[in-house]
Structure formats: structure tokens, C-alpha cells
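*Asks:* Here it is, the structure, as C-alpha cells.
The values are calculated or read from the model by the stated rules, or taken from the named source; none is laboratory data. A quick note: this is a predicted structure, and the numbers were derived from the prediction, not measured. No Cβ is skipped: glycine too gets one built from the backbone with ideal geometry, and neighbour counts run over all protein chains shown. Side chains included, ligands, DNA and RNA excluded: accessible areas come from the protein's heavy atoms. Shrake-Rupley method; radii C 1.70, N 1.55, O 1.52, S 1.80 Å.
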Amino acid sequence: MEQQRKEATERLLSTQGHDNLFYSEENDGVGVGDGGLVAVSNFTSILGLSIFMAACITFGFGCAIGYSSPTQSSIMEDLGLSVAEFSLFGSILSIGSLIGAAISGKITDLFGRKLTMWILNLFYIGGWLAIAFTKAPWLLNLGRISLGFTNGISGYLAPIYIAEITTKNVRGRFTTILQLMVGWGASFMYVVGSFVHWRTLALLATIPGLLQVLLIFFIPESPRWLAKVGREKELEAALLCLRGDKADISDEAIEIKNHVESLKSSSRGGIVDIFQKKYVRPLLTVVGMMVLTNLGGINAFAYYSGAIFVSAGISSMVGLITLAATQTVVGILGTTIIDKLGRRPLLLVSSAGLCFSSFLTGVSFFLKDFNWWDQGSPILAFIGLLMYMGSYALGGGLPWLLVSELFPINVKGSAGSICNFMGNSTGWVVGYYFNLLTEWSSAGIFFTFSAFFCANFILIATMVPETKGRTLEEIQASITPSSD
């Protein structure tokens, strides 16, 4: 079908006298020959607005993650919290995420992607207002749980929505932007939180939610979700909205409809579908990556990076600002190369970097514990933390891209809920016990993180398929053939 489309386009251009134009597979449209630029692109203003909407969601996700790091000392002082009580505040985000994760797939399948965004926005804004105006620890924790609930669903919803509205040639790039926005949200908290009061910072964090209130009226529903629920006319309207009024969306619409129909014939109904033999390998692979990534300490680094810098003998403000810059640079790099290099290389490089940086941070604390190389150990910790967060910015969010790519629409919700729940469960354990474990052995906990990422590297190298350059339907047909 793709070859026929290419040949038909080239014949049309030739008969109309446009000899310098050709069909560009890379850009899924028409390009200019003789080294020229692409003349027609499938990127529309509505598609850009939809991507920006998802970016606001994940920016808010990052704000929730990064909030506790620069505000730890001031919140503890103002509200009289102990270390254990603040550890509860930091980690309770993951408890809310667990609740959201458990229903993330079901609620997005039941209500659709857009209505779910509306619901999440209420919890998001309400959570930050509860934190900003709290007078007691219970309301502080309630606001944090509300934000966690939002994160538990949006961590699944945003990449799924982007993957379902974009074409194969840009899907990886735009989905990776979401991980970049998570980093920017956390970085915003790190930098601004170093200068403003924690209550003011909570109010500033409502801005992404307020933007979503305006944007959500102008974005379309996911075409693949519309196909799943049988709203075919709306499916075609959504595709035209995303691809442009003059775009030929017939082939894409037919491919989506046929794929959904084929899934209905083999579907048993409910969550039991995900436990069919053909889905076991991709499910175990993605769940394994998410569990190992969380056991590798990403929540600990995100929640308590300021405290880690201080305990290593480094200025919290300098460390957090440098961390924000590092995440930004590396995140942009990952966004520009993912659709060229592919998912597997970025995942492998990211996991190797996380493994080495955790080990390096552990070495720095080991030297500090024994008062060896007092001048050099803070430098090693500084390099280790920057490398860790930079490595995560490069490929830490890619497992969610794989969830959106590997699982068809009939089991995507169930797969997303399981992956989300398992990842957040281990994330909560690490986030809650990290401060307590560092009192046992700072070096030991970072060496343990390194071991988990070593296991993650092996899992990626042996189990993760490459998915770049193919439509979602092509990927799912090759990974999960119709025969059980």
C-alpha cells in the first residue's frame, strides 16, 4: 500500500510538470529534489496544539516530581515536620500515583483521551491549591496525593495520546518531547524553588493546568480510540483535523479501521485479553524495564536531589540549577535523534549511563564515609548526579513509548494499568525508604541502584525490539501475530 501511494504521488507530480518534486518517505509527503527542502509537511497547527497540550500535562507531571527537592528544609521548618514526616510527604506522591495507575487504562478507555484530560486537570489544580494554602500536614499530604493521582494517569495518557495522533516518521520524536517536558517541569521547580517561598512555588505550578483549560477545547480526540468505540465519522474528521483539510487520509483511516476490526474478532473482553500468550513477552519486557528503572532510584534522585547535593558537600542551589541545565541539553539531544537512531540504542545508552552514574555516586559517598579524598568526593558526587539525571532525560521515558507502540488498542489500557501500577509500586518503596536507607549506608544504596540498572541493560539488550519507522498497526502485527 505504501509503495502504491509513493508511485501514485510521483506520477501525479510528473504529469503536472513538477519534475523537481518527489515523494518523501521520511516526511510522509512531498519533497523538493536536488537537495532542496521539504515542500509539504504533514505537521498542522492542530497537531502542534495537541502536542503542546500533552506537553503541558507532562510539564505538570515534572513539577509534581521536582517540588519536594528545593522545598524540603523550608516546609519542614514552617510546618514543624520531622524527617520521617517529610519522607511521607515526598513518597506519598507515589501512593497517589498507584491509585491513578490502577485505573489509568480503564478510565482512558472508558471516557476517551480528552474527557480524561478534563478530569485530571481538576485534580491537578486542586492538589496545588491544597498545598499552597495548607495550615496542617494532613492537607499538605492530601494535595500531594491528588497530584500523584494525576501523575499516575497522565504518565500513561500523554504518551498514548501522542502516539495515536502522530505519524510513524515523527512519533518517537514527539513522544520523547514529553520526557523532555517532565525534565523541564522538575527543572522549573529546582531553579524557581531556590528563590521563592514554597507556597508561591505551588501557585506557580498551577499554570500548566490553567493553560490546559484553554487548549482542550481546540484539540481532537484520538482517532484510534474513536475507531475502537465505533465513531467512524468522527474518526475521519479527527484525522483531517490532524493532517490538514486537503490531506488524503483514506489509507490511514482504512488501516486503523481494519486493524481495530481484526482485534475485535480475537478479543475475549476485559482485562483477560492482556494475558493471552501473544502478549506475554512484550508485557513482561515493559513491566521489567519500569520496575528496574524505579528500583534504580529515579524517584529518590528526583525527590531528594537537593538533599543529596548537600550531604555530598555541594551547594543545593548550584547543584539544582546545573542539574536543570543538564536535563534540558540532554533531553533536546534525545528528541532530535530518536527517530534516526531508534529506541533500542537510546535505551541501552541511557541504562548504561544510569548504571555507571549510580556507581560513581556510590563511590563518592564511600570515600566520604571513610574521609578519603575529601576534596575529590564532592566532585564525583556532582558528576554522578548530573550524569544520572542526564541519562534518564535521554531515554528514561521510552518504556512508555513502547507501551503505546507494542500493544494494540484492545489491550493497551490493561497493559498500561499493569505497567503503571508495577512501576509506581516500586517507585513508592524507593521514595519512602530512601532517606532511611541513606542513614544505614549512603554508598550501599547507590551501589544497589547501579546493580538494578545493570540488570535493566541486560533486559533491554535481550528483549526489546526496535520499532522506529513503522506504523502502530505494523508494529503490533509483527510483535503479536494473530495466531495464539
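*Asks:* Taking only pairs six or more apart or across chains, which ones have beta-carbon atoms under 7 Å, a first residue in the range 373-392 that is assigned to a loop (DSSP other than H, G, I, E, B), and a second residue that is open to solvent by less than 50 Å² (accessible area, probe 1.4 Å)?
*Replies:* Cβ pairs passing all conditions: Trp373/Leu367.
*Asks:* Which condition from (1) assigned to a helix (DSSP H, G or I); (2) over 23 Å from Gln327 (Cβ atoms); (3) of a type outside the set (Lys, Arg); (4) open to solvent by 10 Å² or more (accessible area, probe 1.4 Å) is the one that Met117 breaks?
*Replies:* Failed condition: (4).
*Asks:* One residue is enough: does the range 438-449 have a residue meeting the conditions assigned to a helix (DSSP H, G or I), in contact with a Gly (Cβ under 6 Å, 6 or more places away or on another chain) and surrounded by 23 or more Cβ atoms within 10 Å (Cβ to Cβ)? Reasoning before the result, please.
*Replies:* So the first thing to find is which residues in the range 438-449 are assigned to a helix (DSSP H, G or I), and the list is 438-449.
From what is left, the residues that are in contact with a Gly (Cβ under 6 Å, 6 or more places away or on another chain) are 443, 446-447, 449.
If we keep only those that are surrounded by 23 or more Cβ atoms within 10 Å (Cβ to Cβ) too, we end up with 446, 449.
Checking the range 438-449: at least one residue is assigned to a helix (DSSP H, G or I), in contact with a Gly (Cβ under 6 Å, 6 or more places away or on another chain) and surrounded by 23 or more Cβ atoms within 10 Å (Cβ to Cβ).
*Asks:* Being in contact (Cβ under 8 Å) with a residue 60 or more places away in the chain, in a loop (DSSP other than H, G, I, E, B) and of a type in the set (Val, Ile, Thr) is the requirement here; does Thr134 meet it? Let's see the steps before the verdict.
*Replies:* On the way: in contact (Cβ under 8 Å) with a residue 60 or more places away in the chain: no; in a loop (DSSP other than H, G, I, E, B): yes; of a type in the set (Val, Ile, Thr): yes.
So Thr134 does not fit the description; no.
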